[in-house]
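The structure appears below as structure tokens.
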């Protein structure tokens, strides 16, 4: 398997549970990937097609809900929050993936209406380690390896994200730069989101993740101080207490965006990449489909007649 972000690790867990041997190789180890940067809260963002994304997201929501109930060491919690809109709140295309959506007019000044729902939030400083621990406990391996192309022996799972531009010769997957600011936890117990921007304020146990930016085609991972000021100012309009919160760190990640998520089998390669800003959101759903594709015999191996 190629790729050690949240999608690759989750696929590795499911394959190991199904009885397969899994060796993960990646240039970047889990905490070095873009999966480690964002707020990692469940929300389908920059990922298509809508029908498949909704189904994958629904599966992931249910799994995260169960993890939050049973394993506090995972860093996953179910957190209530509100998405705000300038006018009336529309019915989101992914509404079928969440158990309950509630319209509300209890929104900050400047917005017209909101949607309240509870969503999984994964503290990736713990969650990625938890996933990697599950891989290794089940007999899998995770190795740093800078590849010049996909392996040519055995069945290969390509979860390389932006690396698919090189490893899969796929120029349709592009970077979309996202910058976040981590501030001290100031007592916030619910998240806020305005997809315009996008702007979000997401509480975790020991800090609050404030974001973000959305710059397509930008490869730089260096935090931009001008972007930081803009992010904090937008966030403070949603949650005024952000303005006085102490900044802990800045991070930049590159979302692997593609016209549609690529999840398919091509001979001895299963491709699973292009999840945009929804890697965590889709992870368990796509992992289940990956197992089905791995276990499907290629046409050449099926008996004729």
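The values are calculated or read from the model by the stated rules, or taken from the named source; none is laboratory data. Source: prediction; values computed, not measured. Methodologically, a virtual Cβ is constructed for each residue, glycine included, from the backbone with ideal geometry; neighbour enumeration extends over all protein chains shown.
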Filtering segment 172-197 down to residues that are within 20 Å of residue 106 (Cα to Cα) and under 17 Å from the mean Cα position of the chain (by Cα) yields 191, 193, 195
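Using the structure shown, decide if residue 44 is surrounded by 18 or more Cβ atoms within 10 Å (Cβ to Cβ), in contact (Cβ under 8 Å) with a residue 24 or more places away in the chain and assigned to a loop (DSSP other than H, G, I, E, B).
Values: surrounded by 18 or more Cβ atoms within 10 Å (Cβ to Cβ): yes; in contact (Cβ under 8 Å) with a residue 24 or more places away in the chain: yes; assigned to a loop (DSSP other than H, G, I, E, B): yes.
Against the criterion (surrounded by 18 or more Cβ atoms within 10 Å (Cβ to Cβ), in contact (Cβ under 8 Å) with a residue 24 or more places away in the chain and assigned to a loop (DSSP other than H, G, I, E, B)), residue 44 qualifies.
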Within segment 190-212, of all residues that are outside any strand (DSSP E or B) and in contact with a strand residue (DSSP E or B) (Cβ under 6 Å, 6 or more places away or on another chain), the one surrounded by the fewest Cβ atoms within 10 Å (Cβ to Cβ) is 190
Expected single match for assigned to a helix (DSSP H, G or I) and either without any contact (Cβ under 8 Å) to a residue 24 or more places away in the chain or more than 22 Å from residue 200 (Cα to Cα) (or both) among 12, 4 is 12
Checking 264, 218 in turn, the sole residue that is at pLDDT 95 or above and under 30 Å from residue 294 (Cβ atoms) turns out to be 264
Boolean, residue 161 is buried (at least 16 other Cβ atoms within 10 Å of the Cβ), under 17 Å from the mean Cα position of the chain (by Cα) and in contact (Cβ under 8 Å) with a residue 24 or more places away in the chain | yes
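For segment 89-189, please list each of the strands (runs of 3 or more DSSP E) lying entirely inside it that holds at least 3 residues being farther than 26 Å from residue 251 by Cβ and out of contact with any helix residue (DSSP H, G or I) (no Cβ under 9 Å at 6 or more places or on another chain). First the steps, then the outcome.
Working: elements: 102-104, 113-122, 141-144, 156-158, 174-184.
So the answer is 102-104, 113-122.
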Within segment 255-279, residues surrounded by 13 or more Cβ atoms within 10 Å (Cβ to Cβ), touching a helix residue (DSSP H, G or I) at 6+ places or on another chain (Cβ under 8 Å) and not in a loop (DSSP other than H, G, I, E, B) come out as 255, 256, 262, 263, 265, 270, 271, 272, 273, 279
Is at least one residue of segment 233-254 in a strand (DSSP E or B) and closer than 30 Å to residue 292 by Cβ? yes
So, first residue at positive phi in segment 171-190, second residue modelled with pLDDT of 95 or more, Cβ within less than 7 Å, six or more apart or across chains; the pairs are none
Of the residues in segment 139-154, those that are over 17 Å from residue 17 (Cβ atoms) and crowded, with 16+ Cβ neighbours inside 10 Å number 2
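Of the residues that sit in segment 70-88 and are part of a helix (DSSP H, G or I) and over 15 Å from residue 284 (Cβ atoms), which one is modelled with the lowest pLDDT? Break it down into steps so the answer makes sense when it comes.
In the first step, residues of segment 70-88 are kept if they are part of a helix (DSSP H, G or I); the result is 70, 72-74.
Checking which are over 15 Å from residue 284 (Cβ atoms) leaves us with 72-73.
Working: 72: 93, 73: 96.
Residue satisfying both the conditions and the ranking: 72.
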Discussion item. Is it the case, given these coordinates, that residue 184 is farther than 16 Å from residue 37 by Cβ, in contact with a strand residue (DSSP E or B) (Cβ under 8 Å, 6 or more places away or on another chain) and loosely packed, with under 14 Cβ neighbours inside 10 Å?
Written reply: yes
When residue 95 is run through (1) surrounded by 18 or more Cβ atoms within 10 Å (Cβ to Cβ); (2) free of Cβ contacts under 8 Å to residues at least 60 places away in the same chain; (3) out of contact with any strand residue (DSSP E or B) (no Cβ under 6 Å at 6 or more places or on another chain), the failure sits at (1)
- Filter result for residue 70 (more than 21 Å from residue 201 (Cβ to Cβ), over 13 Å from the mean Cα position of the chain (by Cα), surrounded by fewer than 23 Cβ atoms within 10 Å (Cβ to Cβ) and free of Cβ contacts under 8 Å to residues at least 24 places away in the same chain): yes
